[in-house]
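Notes for the one structure printed next.
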Amino acid sequence: MQLRNTPVDEIEFLGHQVYVKRDDLLDVAFTGNKARKFYHFLQQDLSQVDILVGHGSVQANSLYSLSVLAQLKQCQLYYYVDHLPQYLIDNPQGNYRAALAQGAYIIVVDSLELSVIEHIQQQVLPRLAEQGQRAVFIPEGGRCQYAEMGLKILADEIKAWAAAKSYADIRVVLPAGTGTTALFLQKHLPFEVQACACVGGDGYLKQQFLALCVDESLHPTIMKADKKYHFGKLYLPFYHIWAQLKQTTNIEFDLLYDPLAWLCLQREFTIANENTAAGLENSDNRPILYIHQGGLQGNETMLPRYFRKLSFVK
Ligand SMILES: Cc1ncc(COP(=O)(O)O)c(C=O)c1O
C-alpha cells in the first residue's frame, strides 16, 4: 500500500501555472488526505483493539477508508450517523455501499437530546468498556491530533519538492472541510497555506482550526469565495469547472470540495489577467502547489446527481 511520496504534476489554468500534488494517486482505499490523516492508525499495531468507532456523513469518503482500515486491522467498525435516507438503504451506492461491503456497521443515532458525538461519548464508549470491548474512537473525518503524524510527512514531501525546484517561497492551496489537513500542513510548513471553507462557512472553519490549535499564528489563511455555497448541494459552476479541468488537464478532481477551491483560483487568475492586460503588476507571483486530496469514490454518486440536474436545465 503506497502511503507517501506522490508525484507533482504541472498544469495550466487560465494561463497560470499550477502544480498539483497528486495525493489522489495513493492507494484506492486511502486516497488523498485519508492516507495522510489515518497514517497513524495504518502504521499502528491495533491487534489489541476490537472496535473502531467513527461517525459522520453516510456518504463520507472517510467512512469507506475507515471500513478498509477496520478490515486491515481485523477489527469491527461501528460508524454512527444522524441520518440514513431510505432511498440509500434500498439502493446502496457510493461510499455507503463500499463500506457495507467491507463489513462496516452503520448505525443511526435516533436521539432528540444528544448529538451523535455526545451519544458516542456518553453512551457507546462507556457501554463498550463495560462489555470489555477495546474501542478506539476516531472523530469525524479524522479531525484529531492523530492526523498530525501523516500530515507532517506530507509537509516534508512538499518542502523537499520546493527545495528541489529551488523555490524559496510557494503557497499551498487546498479546499477544507474539518480543516484538519490544512491546519497540520500549516503547522509544519514554512510556506503560506490557503484553504477555502467548503463546509459551514469561514466562521465554522475558524472554529475547527481553533479546536485543533489555539495559536492563531499557526492557522492557514482562509480564501474568500464569491458567495456562500452549501456543502453537498449541486451548483452548475462547480460541475463546469470540474469538467473544464478534467478536459484540459486530464486530472479528475472530486466534485464536493475541489470545485470551490478552483473557483477561488479562477477569480484570482481572472483579476490577475485583467491587471496584466491593463499593464499593471501582479503582487503575488509565488508558485502555487494545489493539494489533490482524492475523494473520487464520491464522484460515483455526485455525477449522476449532476447529470440529472443538467438534463433538467437543458
Ligand atoms: C476529497 C476531500 N477533499 C477535502 C477534504 C477536507 O479535508 P479536511 O476535513 O481535512 O479539511 C476531504 C475530507 O476529508 C475530502 O474527502
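Just one of the listed residues (ASP82, ASP45, ASP90) is touching a residue at least 12 places away in the same chain (Cβ under 8 Å) and out of contact with any Leu (no Cβ under 9 Å at 6 or more places or on another chain), and it is ASP82. Scanning the range 195-206 turns up at least one residue that is within 13 Å of the ligand (Cβ to nearest atom), within 19 Å of the chain's Cα centre (by Cα), part of a helix (DSSP H, G or I) and surrounded by 18 or more Cβ atoms within 10 Å (Cβ to Cβ). Scanning the range 50-75 for residues being in a helix (DSSP H, G or I) and of a type in the set (D, E, K, R) gives a total of 0.
For the range 135-146, the tally of residues that are at pLDDT 95 or above and within 14 Å of the ligand (Cβ to nearest atom) stands at 1.
The set of residues from the range 239-252 being in contact (Cβ under 8 Å) with a residue 60 or more places away in the chain and open to solvent by less than 30 Å² (accessible area, probe 1.4 Å) comprises LEU245, THR249, ILE251. For ASP254, the requirement of being of a type outside the set (Phe, Trp, Tyr) and closer than 16 Å to TYR19 by Cα is not met. Candidates are the residues of the range 28-58 that are more than 14 Å from the ligand (Cβ to nearest atom) and among the charged types (D, E, K, R); the one that is most open to solvent (accessible area, probe 1.4 Å) is ASP45. Within the range 183-194, the set of residues being over 15 Å from ALA147 (Cα atoms) and open to solvent by less than 10 Å² (accessible area, probe 1.4 Å) comprises just one member, VAL193. Here no helices (runs of 4 or more DSSP H) wholly within the range 76-179 include at least 3 residues being touching a Lys or Arg at 6+ places or on another chain (Cβ under 7 Å) and open to solvent by 50 Å² or more (accessible area, probe 1.4 Å). Scanning the range 274-287 turns up no residue that is farther than 30 Å from ALA164 by Cβ, in the same structural domain as GLU157 (by TED's automatic domain parsing) and either within 16 Å of the ligand (Cβ to nearest atom) or in contact with a helix residue (DSSP H, G or I) (Cβ under 6 Å, 6 or more places away or on another chain) (or both). Evaluating LYS187 against the criteria (1) of a type outside the set (Ser, Thr, Tyr); (2) in a loop (DSSP other than H, G, I, E, B); (3) more than 16 Å from the chain's Cα centre (by Cα) leaves one unmet condition, (2). For GLN293, are the conditions met, namely being touching a Gly at 6+ places or on another chain (Cβ under 6 Å), in the same structural domain as ALA155 (by TED's automatic domain parsing) and open to solvent by less than 90 Å² (accessible area, probe 1.4 Å)? In short, yes.
Could you tell me how many of the residues in the range 207-233 are open to solvent by less than 40 Å² (accessible area, probe 1.4 Å) and more than 18 Å from the chain's Cα centre (by Cα)? Total satisfying the criteria: 1.
The values are calculated or read from the model by the stated rules, or taken from the named source; none is laboratory data. The structure presented is a predicted model; accordingly, all values stated were derived computationally and were not measured. Methodologically, a virtual Cβ is constructed for each residue, glycine included, from the backbone with ideal geometry; neighbour enumeration extends over all protein chains shown. Heads up: the accessible areas ignore ligands, DNA and RNA and are worked out on the full protein's heavy atoms, side chains in. Shrake-Rupley method; radii C 1.70, N 1.55, O 1.52, S 1.80 Å.
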